[in-house]
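Below is one structure, written out as structure tokens; the observations come after it.
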Amino acid sequence: MSATVLVQLGDLFAPIRAPILRPKAPSVLNTRLAPSPSARRPGILAGMDITEVILHQHAEQRRMFTMLEEWPRDDEDGLDALWKRLEILLEVHAEAEERFFYPELVKLGEGAGDADSVEEEVEDAIKDHNEIREAIRSVRRCKAGSEKWWEAVVEANVANSDHMAEEERQDLTDFRQQTTLALRHGIAVQFLRFEAEHWATGVDPVDKEPEEFVGDNEPS
């Protein structure tokens, strides 16, 4: 027999009949298909994918540029500290991509999105990295919080935003379409280990020649 629940709506009371829930017999199909805990989580890094790692770090980069924009303009020390953290994030991220992600994309990709070929999308990405490094150097030459500093920060933000959008539309899509999850997992482990080893001090930024980079990593 159902229970009557009174729900108050202002000065009105409306009866609602709550159904009696009876336990269902377990589904044989669901029982057979449900993965065991060990199958769902074979290791603490289970399911990690380099394309997802890069996307996550793109979101963090966007968030930190937003933090800079909303930071008190008269807190020059705070702006300088926040920028230095973002600078390390940008440079370490770019170097890790060039060491572990892009060499594999050159070998296995075919081009995706609005890229005509994998060579085009990778050359564009390396060129973007060089432009981002130059924008970072421009910020470094200015006094934190000054007008020139803010102009350089905006230039870095524009260069990085354009790069991330193109990379997400082309390179990451291409890599997901052409590779296995096992490979993407293995690259993610190498990528994150390199970053963890360099988060504290950063890396020495080195520009790469786009066509030479692609040529050096093409399959022989």
Which pairs have Cβ atoms under 8 Å, sit 6 or more apart or on different chains, and link a residue in the range 42-56 that is of a type outside the set (D, E, K, R) and surrounded by 10 or more Cβ atoms within 10 Å (Cβ to Cβ) to one that is at pLDDT below 55 and outside any loop (DSSP other than H, G, I, E, B)? ALA46/ARG40
Of the numbered conditions (1) in a helix (DSSP H, G or I); (2) closer than 22 Å to THR173 by Cα; (3) without any contact (Cβ under 8 Å) to a residue 40 or more places away in the chain, ALA135 fails exactly one; give the number of that condition. (2)
Scanning the range 157-179 for residues that are among the hydrophobic types (A, V, I, L, M, F, W, C) and touching a residue at least 40 places away in the same chain (Cβ under 8 Å), the one surrounded by the fewest Cβ atoms within 10 Å (Cβ to Cβ) turns out to be MET164
Among the residues of the range 146-160, is any more than 21 Å from THR66 (Cβ to Cβ) and among the hydrophobic types (A, V, I, L, M, F, W, C)? no
Answer yes if at least one residue in the range 107-119 is modelled with pLDDT of 95 or more and buried (at least 22 other Cβ atoms within 10 Å of the Cβ), and no otherwise. no
Just to be sure, is ASP124 over 16 Å from LEU172 (Cβ atoms), touching a residue at least 60 places away in the same chain (Cβ under 8 Å) and not small (Gly, Ala, Ser)? no
ARG99 being touching a Ser or Thr at 6+ places or on another chain (Cβ under 8 Å), of a type in the set (D, E, K, R) and either on the phi < 0 side of the Ramachandran plot or not in a helix (DSSP H, G or I) (or both): no
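The values are calculated or read from the model by the stated rules, or taken from the named source; none is laboratory data. These numbers were taken from a predicted model, which means no experiment stands behind them. Cβ: placed from backbone, ideal geometry, glycine included. Neighbour counts: every protein chain shown.
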